[in-house]
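A short reminder: the numbers here are calculations on the coordinates, not readings from a lab. These figures come from a predicted structure and were not determined experimentally. Virtual Cβ from ideal backbone geometry, glycine too; neighbours counted across all protein chains shown.
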Amino acid sequence: MSQNFVDTLVIGAGASGLAFSALMAQSGHDFVCLEAHSLPGGCASFFKSKGMSFDVGATTLSGMAFNGPLKQFIDQVDLDIELTHIDPGVVISTQGQKIKRFCNRLDWIEEQSRVFKNVSVYDLWNQIEANNETCWKVTSSSRYYPPQNLNDLKKLGFTHIGDKLSVLPLCLRNFESYFLSTLLTTNEYKKFLNELLMISAQNTIDQAPAIVGVMGLSYNMDTWYPSGGMGEFSKSIVKKIKQFGGDIRFNHKVVSINQLSDDSGYIVETDKGETLRVRKIVSTLPLWNTQILLKHLNPSVLTRQAGLNPPVWGALTGYYKIKIETDFGSLYHQVHQDSYGRFKGQSSDSCFLSLSAAKDYLRGENEVRSGYRTLSISTHIDLSEYSKLLAQEGEAGLKAYWDESFQKVIKNYFGSICIELENTGIGDPKTFEKFTSRHQGCVGGLPHDMRKSIFRYPSSKTGLENVFQIGDTTFPGQGVVGVLMGAMNLFYRHFS
C-alpha cells in the first residue's frame with residue numbers, strides 16, 4: 001500500500017483544530033488536518049434543516065475583551081467574520097423576574113440588587129471585575145503553562161510576575177470560600193451564581209477554583225454573535241486555511257496509529273484506506289478518544305495527566321424554528337426553573353436559550369424573510385444517568401419527552417409573544433457521539449475543579465514523542481475561547 005508523507009497530522013477540525021491548522025498554514029508548515037465529519041466545527045458545528053442553519057452546540061463567542069484569545073486569533077490570521085457585541089449578554093429569568101446581564105458593571109449590579117436585596121452584590125462584583133482583567137492577562141500570556149521542564153518554568157515565572165502573584169491565591173481556593181465567606185449572601189443567590197457558572201465553566205461555586213469563577217462569571221460581559229451562526233465562524237477559518245495553502249480533508253476518520261520501527265514517526269490509517277507517514281501528531285479529540293487511539297503504544301499515555309475518570313457532562317439540546325414579537329433585549333437567555341423544577345435526566349436547574357438575529361439572512365434567506373429565527377435550547381445531563389434512562393425508555397421516547405419539556409420552557413418564558421414554534425430535532429449524547437465522535441457524547445470539556453487543581457490540569461504533552469493534545473480536555477480548557485488559546489499556546493510553544 002502506498003504511503004503519503006506529511007510532517008504533521010492534525011486530528012479533528014473543531015475550533016482548536018481549525019485554529020491550529022490556520023496558524024500552521026499561514027506559517028507554511030507541511031501538515032494535513034483530517035476531520036471525520038463532513039462539516040467543520042466539532043461541538044461548534046452546524047446543520048441545515050427546514051431551510052435554516054442551526055448551531056449544533058456552542059452558540060456564542062467570547063475573548064475579544066482585554067485583547068483576549070479570540071481577538072488575537074482574528075488579528076493574527078485576518079479572519080473575515082462579522083461579529084456583533086451583544087449587550088446585555090444574557091437575560092436571566094429567576095425568582096419570577098428577568099435580570100439583564102449588562103456589560104456595564106454598575107448597571108449589572110443594579111439589575112441583581114432589584115431581585116437579591118439582602119446580598120452584598122456591589123462588593124462581590126467589584127472584586128470579581130477587579131480581578132477579571134488580570135486573570136485574562138495572566139492566562140493569555142501563559143504560553144508555557146503547565147510547565148513541562150525547568151526551561152518552561154523559567155519562561156513562565158519571569159513574565160508578568162506581579163500579576164501572577166496577585167492571582168495565585170485565586171488558584172488555591174474555591175470561588176465560594178474565597179469571595180463569599182465574608183459577604184452577606186443567601187442560598188437563593190448562591191443557586192443563581194451556580195447556574196450562571198454552569199454556562200461557562202460546567203461547574204459550581206463550591207467546586208470551581210476562584211480564578212475560574214471570576215472568568216466564568218464575567219463571560220457574558222464579552223458575548224459576541226457571529227453573523228450566520230457558529231457555522232460561518234468555522235467556515236471562515238476553513239477558507240483561511242485554504243487561502244494559506246493548507247490541506248484540510250473532511251470525511252476522513254483516523255482509525256489507527258502505529259509507531260514506525262525506526263522511531264522516526266508514525267503510520268496513520270484512515271477509514272478511506274489511506275495511509276499517512278507522519279513525524280508529529282496533534283490530536284484535538286477528547287482525552288478519552290485520544291487514549292483509545294494511542295493506548296497500544298503506551299498503556300500509561302495520558303492517564304498520568306488526566307486520571308481519565310469517566311466524562312461527566314453531556315448536553316440535551318432542542319432545535320426550533322420560531323416566530324416571536326420581541327427577544328427581551330438579548331439573543332441569549334437563561335431560564336432558571338424555580339417554579340417547576342428539573343425534568344427527567346436534567347442535571348442542572350436551568351436551560352440556556354439562543355436566538356439567531358432577526359435579520360440574519362445567512363441563516364436561510366427565505367425563512368428569515370418570512371419572519372423565522374432559529375432557537376436552540378440546551379441543558380446539562382449526567383452521562384451515567386443518561387445511560388440508565390436510555391436502557392429503560394429508549395431514545396425515541398426520551399426525545400419526544402424532552403421535546404415536550406423544552407417546548408414547555410420556551411412557551412412559559414416567551415408567553416404570548418411566541419407566535420409560532422416548530423421542532424426540527426433533539427440532540428442528546430448519542431446524537432453528539434454519532435456526529436462528533438466524542439467519547440460517550442461528552443461535551444463541555446473537562447471542568448476545572450478544586451479536586452483536580454489547576455496545577456494538575458492536562459497539558460499538551462501526551463507522554464509520546466512528538467504527539468500533542470489540544471482541545472477542551474487540556475489546559476486552558478472549555479469553550480471556543482479556551483480551545484483557541486490552547487491551539488495558539490501549542491503552536492507558538494512547539495511549532496513557530
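Running Debye on segment 311-439 with equal point scatterers at the Cα sites and no solvent, what base-10 log of I(q)/I(0) appears at q = 0.11, 0.13, 0.18, 0.22 Å⁻¹? One equal scatterer on each Cα of segment 311-439 leads to -0.40, -0.56, -1.00, -1.32. Taking the inverse of the mean 1/r over every pair of distinct Cα atoms in the chain gives a Kirkwood hydrodynamic radius of 23.2 Å. Distance between the modelled labels on R493 and I267, one decimal in nanometres: 3.1 nm (7 Å Cα→Cβ projection).
Applying 0.36 nm per residue to the separation of S416 and K323 and subtracting their alpha-carbon distance, the gain on full extension is 32.4 nm. Calculated mean residue ellipticity at 222 nm for the chain: -11000 deg cm²/dmol, from DSSP H runs with n ≥ 4 weighted as -39500 (n - 2.57), summed, divided by the residue count and rounded to 500. Taking a point 7 Å out from the Cα of Q127 in the direction of its Cβ, the residues of segment 166-198 whose backbone N falls within less than 11 Å of it are 175-185.
A simple count of charges around C33, restricted to other residues whose Cβ falls under 9 Å of its Cβ and scoring Lys, Arg +1 and Asp, Glu -1, yields -1. Restricting the calculation to alpha carbons of segment 1-101 gives Rg and Dmax of 18.2, 66 angstrom.
Annotation: the residues R451, R105, R373, sorted from fewest to most other C-beta atoms within 10 Å of their own C-beta, follow the order R451, R105, R373.
Sorted largest first, the principal axis extents computed over the alpha-carbon atoms of segment 165-323 equal 64, 48, 33 Å.
Listing F455, F179 from fewest to most neighbouring C-beta atoms within 10 Å gives F455, F179. Karplus-based coupling profile of segment 86-93, in residue order and whole Hz: 9, 9, x, x, 7, 10, 9, 9, with θ = phi - 60° in 6.51 cos²θ - 1.76 cosθ + 1.60 and x standing for Gly or Pro.
Among the trypsin sites (Lys or Arg not before Pro) in segment 1-78, none sits in a DSSP loop with a Cβ that has at most 11 other Cβ atoms within 10 Å. Exposure proxy for H37, H85: other Cβ atoms within 10 Å of each Cβ, ordered fewest to most, give H85, H37.
A DSSP coil position with no more than 16 other Cβ atoms inside 10 Å describes the following trypsin sites (Lys or Arg not before Pro) in segment 182-273: K253, K272. With a threshold of 27 Å on the Cα-Cα distance, the over-threshold entries among K48/K359; K98/K344; K253/K461; K50/K100 are K50/K100.
Close amide H partners of G427, meaning residues 5 or more places away or on another chain with modelled amide H under 5 Å apart, are T317, G318, Y319. The stretch between S387 and L260 holds 41.8 nm of extra length on full extension. This uses 0.36 nm per residue minus the Cα-Cα distance.
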